[in-house]
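One structure is given here, and the rest of the page talks about it.
The values are calculated or read from the model by the stated rules, or taken from the named source; none is laboratory data. Nothing here was measured: the structure is a model prediction, and the numbers come from that model. So basically every Cβ, Gly included, is an ideal-geometry build from the backbone, and we count neighbours across all protein chains shown. Surface areas here come from the heavy atoms of the whole protein model, side chains and all, with no ligands, DNA or RNA. Shrake-Rupley method; radii C 1.70, N 1.55, O 1.52, S 1.80 Å.
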Amino acid sequence: MDDKDNIALSVRDLKTFFYTNNRCNKAVNGVSFDVEKGKTLCIVGESGCGKSVTAATIMQLLPTLSRIEEGEIKFRKDNKIINIEKLEKNGKEMREIRGSDIAMIFQDPMTALNPVYTVGFQISENLKYHTNLNKKQIREKCISLLSDMGIPLPEKRVDEYPHSYSGGMRQRAMIAMAMACNPKILIADEPTTALDVTIQAQIFELMEKLKKENDTAIILITHDMGVVAELADNVAVMYMGNIVEAGTADDVLRRPTHPYTKALLESVPVLGRGKNQDINPIKGSTPDPYNRPVGCQFAPRCNWQTESCDIMPEITQINDTHQIRCHKYEQFFEKYNEKRNS
Amino acid sequence: MTTYIIQRLFIFFPMLLAISFLVYGGLELSPGDAVSHMISPELALSITAEQLEAMREAYGLNKSFLTRYWIWLTSMVQGDMGYSMAGGVAISEIMAKTVPATLELSLVALFFSTIIGCSLGVLSALKRGSATDNSLTVAGMAGVSIPEFFFGLVAILLFAIELQWLPVGGRLLPSYETVWDRIPNIVLPSLVLALMMTAGAMRYARSSMLDVLAREFITTARSKGMPEWRVNLLHGFRVALTPVVVLIGFRLPLLIGGSTIIEQVYQWPGIGNMFIRSVRGSDYPLVMTISLMYVFVVLTASLIIDVLTALIDPRVRLGKE
Amino acid sequence: MANSSLNRKFDQIKKREEEKTFSTNKRSRIVNKFLNNRLAVIGLIIFTIIVLASIFAPILSPYDPMRVDLRSMRQPPSFDHWFGTDSTGRDVFARVLYGGRVSIFIGLGSAILSAVVGIAVGCYAGYKGGWIDVIALRVSEIFMSFPQIILVLLLVSITGQSLFNLMAIFIVTGWGGMYRLARARMLSLREEEYVQALRSFGLSTFTICYKHMLPNALSPIMVNITLSTAMFILTEAGLSFLGLGVPLNIPTWGNILNVAQDILILQNYWWMWGPVGIVISVFVLCVNFIGDGLRDSTDPSQQG
């Protein structure tokens, strides 16, 4: 990545393990991806596949009973490369990055805002630690951020407590908080899962707008293929701690090559195709993280499983952008294309 | 806010009235009447039935139950608490002597236990799983498990009898007049009382803090790149504070209950000591007045706690969620 | 550094995981977590030892705890009298064993009985609501307006002192907490779908709330029973220490300690009150460890 200016964050072979209940859960087990400036990377996968842990690792917001085992997280800050995984967890350098260079919004705006402080206070904290603005300027900035996010009467709302905000407004306030210092990267961990569908669309619209205006790179974590199709520039599909397929949105959505990606896409009903469309749910269920399959993690649920799947497949580059972790992808790719063509 | 307080008062007074009625009625059912406790066995042999009757009459024991309750209640509201049966001293006089002693002891103990307990609890939560945390947890459990009088007795043996640093008990010695003279007497009982309560406050502060630290807004706060002290204290402790304030309120009964036995151990001339004496002597007017005073204190405390909670936590104040 | 010790622990776990040598026994997760809690296991062991020692008191000690022996007054601990003898020559060790019977019986018995009353009322009132609930709630509030020890003393002065009265008083003062716990659980369970489903099958209220809902509230109730056992034992000891608990002729832990009010005994005859004080403290500590272990192991939100 070092020579590519357009890459804001590069993750290589990242492993994050959890050590709860005296067991070791390999939540993220060798993940690599790049985040480009001004582009949206969607990380898709079922719950428990390690996508949220990946996000928390980048921010070094992991719980106590977990640690980064190996790998690199390289972040480009003012033409300097910073290895985030080497920084002290709550040390000064890490804190300077958090909130100002990389910001995060969370799944549930109901619980992510502190109920005992006003929204304005919570936004201003971010500005207080990362800018040199004085009190008055901070307040003005808070109000203008809230109004940018489309919150009516921002002068009044800024002094209100989170509980008098609706769910959608709280998420807007969260975004305002995250965008306060114009971060280079915005990590959104399922930002709309807890919201109504109509509100969802508004939030995404807002994020698109911010991306275009500020050239912010967005890492959007979701389990919703519909969201991916709408917003993603690049997509990474995760399963049990690995990225099984990654590429541009076109690569992954139009030419899905990994059996899991394909199965994911087939399990989503498409609007307009009526009641009789074929929806193929994925057979079986995600394995127990403490009792993982030996080789390819998806093998037990895969229709194309063979003996060779007992060994973990390496990453194969199909073309410049499209990569996959599967032994059988060639045959599978052909069969899939045949089926599409017939 | 005002409506909230008025609502609470609507519960407060009927409750107090109902309890006073029950206590009055309850003591009515107790074996023997007060007169039989007032005369010594030797006197009982020589006393006549008429004399007994006259004594009953004098103490108003012959009227019907409801009438007596009504008389007692109205005089109580007017501030006349009646007379103790042992020695015929005015109860208000006894109260005036004993309540300040108990307040002095309890408040000193409350002050120390709250400060020590909260800071140790928060420390323990922040260092969760460490050796510090584990030993504090075990020490806290020991604190709630050792009977307070046993702890008090060991303290007397050690500091008063063996080392002779502090007096064995009592509050005011005849020639001791200044505040400084009195301090040695309060040290042992208040520290014993405080240590017993510290354990509870610490456990509670720890669990409340842990509870809050696991909440998502703590991650949010951390994701803003703020220093850990600000995340822990401003976002963590501030929210964890509400239940701790409630706890101190709930601990008030424990505090004045706990001081009852400690007062006995240290011969502290407080209300608890007086209560035990009145229970032993079946001095019903005194038993009744003191227990109602306890109820009054507890109810008032819980009222104040509710109001305080509402002030600290805006969700309660506005009646939402 | 705490960090490096944490890292070492992580390395150990990882190594075990890679060698697949982690314990794979089939015990339930709750039992496993409880057994992993060292304090809870130690507590359980000592608790069992003390309980068994009290039950088998006649085998462990040849002395009669009530028999006055004026030839052997105030003897310090010896081979014959492990904890020495008291002012009337009674063997203190035997008294501690027999006293344990009564004290544990009062503590455990009152805790269980007050739980039964509290749950019976709380489940029904919480599930049905209505006037039963209102009355039960008010009554429990009345009891909770007193400091516990004051209410107990007040009731003692009304009923007089006896073992039976004391237990009755403990139940009367103790059911409120359990009632509120059970009620709160029921109120939240009531809205759950399986309860709605059962109701739509036409099952009786009694069956739904005691057979289907109660088991789901059991773990906090168990924790509460252990903790109130500890509390009742301490209260009994306190009352007996004041001479207002169990009549003095019955040996209980509190009654044995009663002699320490005399400053001469406190100063000169430590064996009359020291060992029994330690036994009470250790026993209550063990009960609290067990309660704490139970709470941790049944609480799904706590990991670690």
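Observations, loosely collected:
- Computed over region A:110-236, the range of Cα coordinates on each principal axis works out to 42, 29, 21 Å, biggest value leading.
- For A:C296, solvent-accessible area (1.4 Å; no DNA, RNA or ligand), Å²: 20 Å²
- Options C:Q75, C:S61, C:I45, ranked by Cα towards positive dipole end of region C:33-92, top entry (Cβ charges): C:I45
- With every protein chain in place and a 1.4 angstrom probe, the accessible-area ranking of A:K283, A:K51, largest first, reads A:K283, A:K51.
- If you run the Gaussian network model on chain A, springs between alpha carbon atoms under 10 Å, then out of A:G50, A:G295, A:G168 the most flexible one is A:G295.
- Net lengthening on full extension, C:L35/C:Q261 (0.36 nm per residue, minus Cα-Cα): 77.3 nm
- Cα-based convex hull, the protein assembly as shown, per residue volume (Å³, whole number): 232 Å³
- Per-residue SASA entry for A:E72, accessible area with 1.4 Å probe, Å² rounded to 10: 60 Å²
- Largest first, the extents of the alpha carbon coordinates of chain C on the three principal axes equal 74, 61, 38 Å.
- Take each residue in B:134-147, count the other chain C-beta atoms within 10 Å of its C-beta, and the mean is 5.
- Förster radius 56 Å - calculated FRET efficiency between C:A184 and B:K97, Cβ distance, rounded to 0.05: 0.85
- Rounded percent of accessible protein surface that carbon and sulfur make up, region C:117-274, 1.4 Å probe: 66 percent
- With the simple model of a label 7 Å out from the Cα in the direction of the Cβ, A:K77 to A:N134 spans 2.8 nm.
- Computed FRET value (nearest 0.05) for A:D250 with A:D224, which takes r as the C-beta separation and R₀ as 22 Å: 0.75
- The dipole here belongs to region C:84-147: it is taken about the Cα centre, uses +1 on the Cβ of Lys and Arg and -1 on the Cβ of Asp and Glu, and is about 100 debye.
- Two-site FRET efficiency, B:A90 against B:L163, from Cβ-Cβ distance with R₀ of 45 Å, rounded to 0.05: 0.60
- Accessible-area composition of chain A, carbon plus sulfur, in percent [1.4 Å probe]: 47 percent
- Spin-label pair A:N214-B:I6: with each label point 7 Å from Cα along the Cα-Cβ axis, the two points sit 4.8 nm from one another.
- Helix A:167-179 axis, angle to chain A major axis (alpha carbon atoms, nearest 10°): 80 degrees
- Rolling a 1.4 Å probe over the protein chains gives B:F13 an accessible area of about 120 Å².
- With all protein chains kept in place, the per residue accessible area of the protein assembly as shown amounts to 47 square angstrom at a probe of 1.4 angstrom.
- If only the Cβ of Lys and Arg carry +1 and only the Cβ of Asp and Glu carry -1, the dipole of the protein assembly as shown around its Cα centre is close to 940 debye.
- The listed peptides C:256-266, C:98-108, ordered by packing as a protection proxy, come out as C:98-108, C:256-266 (highest mean of other Cβ atoms within 10 Å first).
- Note on region A:251-310: Rg/Rh from Cα positions, Kirkwood definition for Rh, rounded to two decimals, is 1.05.
- Overall, the ratio between the Cα radius of gyration of region C:179-304 and 2.2 N^0.38 Å, rounded to two decimals, is 1.58.
- Among A:Q107, A:L14, B:S113 the positive-end extreme of the charge dipole of the protein assembly as shown (Cβ point charges): A:L14
- Here the label points at C:K9 and B:A18, each 7 Å from Cα along the C-beta direction, are separated by 4.8 nm in the simple model.
- Measuring heavy-atom accessible area with a 1.4 angstrom probe and counting protein chains only, the residues of region A:131-164 that give up at least 20 Å² relative to the chain alone are A:Y161, A:H163.
- Straight-line reach from C:K128: taking Cα to Cα under 13 Å and skipping same-chain neighbours fewer than 8 places apart, the aspartates and glutamates in range are C:E191.
- Global form of chain A, assessed from the alpha-carbon gyration tensor, a/c cut-off 1.5: prolate
- Here region A:135-278 is assigned +1 on the Cβ of each Lys and Arg and -1 on the Cβ of each Asp and Glu. Its dipole about the Cα centre then comes out at about 400 debye.
- Put C:Y63, B:Y284, B:Y83 in order of accessible area, highest first, and with a 1.4 Å probe you get B:Y83, C:Y63, B:Y284.
- Shape class of region A:1-98 from the alpha-carbon gyration tensor: oblate, with a/c at 1.5 or above and b/c at least as large as a/b.
- Placing B:W165, C:W270, A:W304 in order of accessible area, with the largest value first and a 1.4 Å probe, yields B:W165, C:W270, A:W304.
- D by Stokes-Einstein for region A:187-342, Kirkwood Rh over Cα pairs, 37 °C, 0.692 mPa s: 191 µm²/s.
- For the cross-link pairs A:K51/A:K136; A:K184/C:K9; A:K136/A:K211; A:K128/A:K156; A:K51/A:K212; A:K39/C:K15, the ones whose C-alpha atoms lie over 32 Å apart are A:K51/A:K136; A:K184/C:K9; A:K39/C:K15.
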